Each structure stands twice: as structure tokens, then as C-alpha cells.
Amino acid sequence: MIAIVDYGVGNLFSLLSSLRALDLEAEVTGDAGRLRAADRIILPGVGAFGDARAKLDATGLVPVIQEEAEKKPLLGICLGMQLLGQNSQEGTLPGLGLLPFSCKRFDFPPETALKIPHMGWDRTYVRIQTPLTEGLEPRERYYYVHSYHAACEDPALVLMECEYGYRFPSAVYGGSVYGVQFHPEKSHLYGMKLLKNFAERC
């Protein structure tokens with residue numbers, strides 16, 4: 001069973017519908033016992049980093065997520081991916097510390113025509129083959145909505161990349177912890193393939 005963490009942030013039921021369309025057993029829950037009983041955990045998220053971390057703290061689930069991430073696969077999506085890291089320029093609260101990266105705002109020269117947030121479909125490059133990326137096309141398009149992105153000093157963390165003004169990590173991983181900046185539940189065929197890989201291969 002896949003447990004989708006409910007902490008008041010994120011498009012939970014779109015994600016739940018995508019998983020069920022793949023005939024996967026999944027549920028939305030904010031119960032610590034259900035997270036412990038799950039085979040896999042997904043941490044979704046939309047909005048601001050500090051607000052999301054405060055809401056997650058209020059549930060009392062932070063230590064549960066940190067403990068379970070050492071035992072089973074965990075996937076962070078969009079803001080949920082950013083929360084896996086150490087910190088973010090968006091707010092003063094720390095991340096979960098599950099992966100050694102920070103998040104920073106897109107930084108473009110004044111003359112650029114690029115807008116923030118980075119929004120819409122964009123080509124994404126697979127850098128490292130893992131169970132999560134198995135069978136994915138190396139340069140497929142996924143759907144993004146974000147103003148901040150991971151900044152990784154260690155390139156071994158970077159699973160996928162996207163280019164928006166410059167290349168940035170669009171997926172990260174370490175051990176059984178994975179994070180994707182894009183929304184697989186909104187990315188049609190290839191997003192569904194990634195979710196299926198997470199459920200069956202990771």
C-alpha cells in the first residue's frame with residue numbers, strides 16, 4: 001500500500017486518482033500508524049516552503065517520516081521534494097534533512113525574458129538510471145509549477161535535470177528516498193510510468 005501524506009498541502013486526490021488508475025493500492029492519510037504500515041510513502045506539496053514545513057510539524061508526523069524513510073521507499077513531489085532537503089531560501093524553517101541539498105530561487109539576469117514561476121511542460125533529461133527512471137525516455141516532457149529548485153553540491157544526487165535559463169536538478173535521490181520537482185500526476189503517460197516504477201520497482 002502507498003500512503004500519501006495528508007498535512008493540508010498539495011493536490012492529494014489528483015495523485016490518489018492517478019495511482020488508482022494504475023490499479024495500485026493507495027490512500028491519503030495523516031495517521032502515523034498508517035504511514036508505518038505502508039509499503040511506500042509519497043510526500044506531496046504545493047505552496048510555500050515555510051508554511052508547508054510548519055503544517056507538517058503541526059501534524060507530529062515529521063519524526064515518523066524521517067524514521068520510515070530509512071526503511072521503505074519515499075517519493076517527494078514538487079514542494080514535497082524540496083522538503084526532503086536541508087533548507088530553502090523560501091523561509092527560515094529547516095527541511096527534513098533526508099537528502100543533502102538546499103533549495104534556491106531561480107536567478108536570472110535582468111535582461112532575460114524568462115518568467116518566475118517556471119510553469120508548464122518542459123523537457124527533462126535522465127542522468128542516472130535507477131529503478132525510478134527505468135524505461136523512461138531520456139528526454140521526455142513533464143509538467144512543472146515552481147519558483148525554487150534544488151541546488152546540489154554532489155552531482156551523484158541528481159537523477160534528472162531540466163533547463164530553464166540554466167540546468168537545474170528536477171529529480172534527486174539517495175538510498176530509497178526520491179524526489180521529483182515536476183508533477184507526475186499531471187504529466188500523462190511518462191508521469192504515470194514514473195509512478196508505476198515507484199510502486200513496483202523502488
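The values are calculated or read from the model by the stated rules, or taken from the named source; none is laboratory data. Since the structure is predicted, the reported quantities are computational estimates derived from the model, not experimental observations. Every residue, glycine as well, gets a Cβ built from its backbone with ideal geometry; the counts of neighbours run over all protein chains shown. Surface accessibility is based on the protein's heavy atoms, side chains included, excluding ligands, DNA and RNA. Shrake-Rupley method; radii C 1.70, N 1.55, O 1.52, S 1.80 Å.
Accessible surface for the stretch 25-100, divided over its residues, is 39 Å² per residue with a 1.4 Å probe. Phi angles across the stretch 102-113 convert, under the Karplus curve 6.51 cos²θ - 1.76 cosθ + 1.60 with θ = phi - 60°, into 3J(HN,Hα) values of 10, 10, 9, 6, 3, 10, 10, x, x, 7, 5, 9 Hz, Gly and Pro given as x.
Extending 7 Å from the Cα toward the beta-carbon at both ASP154 and ARG36 defines two label points whose distance is 2.9 nm.
Each peptide among 91-99, 24-32 gets the average number of other Cβ atoms lying within 10 Å of its residues, and from highest to lowest they stand as 91-99, 24-32. Most tightly packed first, judged by the mean number of other beta-carbon atoms within 10 Å of their residues, the peptides 148-160, 106-118, 54-66, 33-45 read 33-45, 148-160, 54-66, 106-118.
Each part reduced to its alpha carbon centroid, the stretch 100-125 and the stretch 178-197 end up 19 Å apart. Most simply put, the chain has about 60% antiparallel DSSP beta bridges, counting only bridges with both residues inside it. Less than 5 angstrom separates the built amide H of THR124 from those of GLU140, ARG141, TYR142, all sequence-distant by 5 or more or on a different chain. Remark on the chain: Rg and Dmax equal 15.6, 52 Å (Cα only). The charge dipole of the stretch 109-202, taken about its Cα centre with unit charges on the Cβ atoms of Lys, Arg (+1), Asp and Glu (-1) only, comes to about 240 debye. Remark: the Cα gyration tensor places the stretch 42-134 in the oblate category, a/c being 1.5 or greater and a/b not exceeding b/c.
Taking the Cα centre of the stretch 1-105 as reference, the dipole from Cβ charges on Lys and Arg (+1) and Asp and Glu (-1) amounts to some 260 debye.
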